[in-house]
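Everything below concerns the one structure shown next.
Quick note: the coordinates plus some simple rules give every number you see, no bench work behind them. As the structure is a prediction and not an experimental result, all values here were calculated from the model. Note that we place each Cβ from the backbone using ideal geometry, even for glycine, and neighbour counts take in every protein chain shown.
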Amino acid sequence: MKYDAYIDLIEKELLPQIRLTIDNPFDPIIVNNRSKSWRTIGSGNYAGVFSHDSRPERVVKVYGRSPEDLKKEIEVYKRLGNHEAFSTLYGYGETYLVLKKLEGITLFDAVVRGVPIPESVIDDIDRGLEFARSVGLNPFDVHGKNVVMHDGRGYIVDVSDFYKEGQCRKWDDLKKAYYKIYRPYLYKYHPKISFFIVDGVRKGYRIYRKLKKMGKKRIEFTKTNNMNNSRR
């Protein structure tokens, strides 16, 4: 199938048949797919991801919120080029990206299913993030649901926030949990862990980080206010 025909499938058979909605700002987009030829293969905070049998090596990422950020993600992929730790951008439309499909299982699902996560996966992600920094990007929002592993290698499937400023500790905290808890206690005899437990930890972590950030801002405000009062 020629590329133009693939684009035609996206715009005539996929986009009119899907609906992307938001139920909770902390949860992934909800996908309603009525297409008979396109399969939903995932969803994230910003978009749904779809596949068609005519080009199984590609996926289409359709934005469901913040469509203005799509242009920023395009620029991120252009900077990353063809690095092995990331997908490759093949093309794009007004609300979607056409990307190389990355096979594998997310680290989140690996914990749920009891699939061991080798250290090589962590090392691959570290190298990928270091490369992203070297081309002027700021790896942001890298966590267990947008990192996948396949045949012992690690890949980052979502780079949509790599243009943001500031520091994000999600990957650093995940690595800390990997080496302090997962590696010594779970890796060798990896049990299956209930989805609700793992997802509860994920949501609890996000709330914890948000509260900690609010607390830090409150402390900084108090210090500034006290300094101003002492100068009067």
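Numbers for the structure displayed
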read-out	value
Length released on extending from Ile30 to Asp173, taking residue separation times 0.36 nm less the Cα-Cα span	48.8 nm
Global geometry of the stretch 3-100, whether rounded, prolate or oblate, following the gyration tensor of its Cα atoms and the 1.5 cut on a/c	oblate
From the C-alpha gyration tensor of the stretch 105-194, square roots of 5λ in Å	24, 12, 12
Degrees between helix 70-80 axis and first principal axis of the chain (Cα, 0 to 90, nearest 10)	90
Within the stretch 3-100: Cβ-based charge dipole about Cα centre, in debye rounded to nearest 20 (Lys, Arg +1; Asp, Glu -1)	100
Of Lys164/Lys210; Lys101/Lys176; Lys78/Lys203; Lys188/Lys210; Lys36/Lys203; Lys175/Lys203, pairs whose Cα-Cα distance is over 25 Å	Lys101/Lys176; Lys78/Lys203; Lys188/Lys210; Lys36/Lys203
Paramagnetic reach from Ile22 in the stretch 50-78 [backbone N under 15 Å; point 7 Å along Cα→Cβ]	63-70
Computed E for Tyr189/Thr95 - FRET, C-beta separation, R0 45 angstrom, nearest 0.05	0.50
Point-charge dipole on Cβ atoms (K/R +1, D/E -1) for the chain, about Cα centre, debye to 20	1280
Relative contact order (percent, whole number), the chain, Cα cutoff 8 Å, 6+ residue spacing	14
Structure-based [θ]222 nm, the chain - -39500 (n - 2.57) summed over DSSP H runs of at least 4, per residue, nearest 500	-12000 deg cm²/dmol
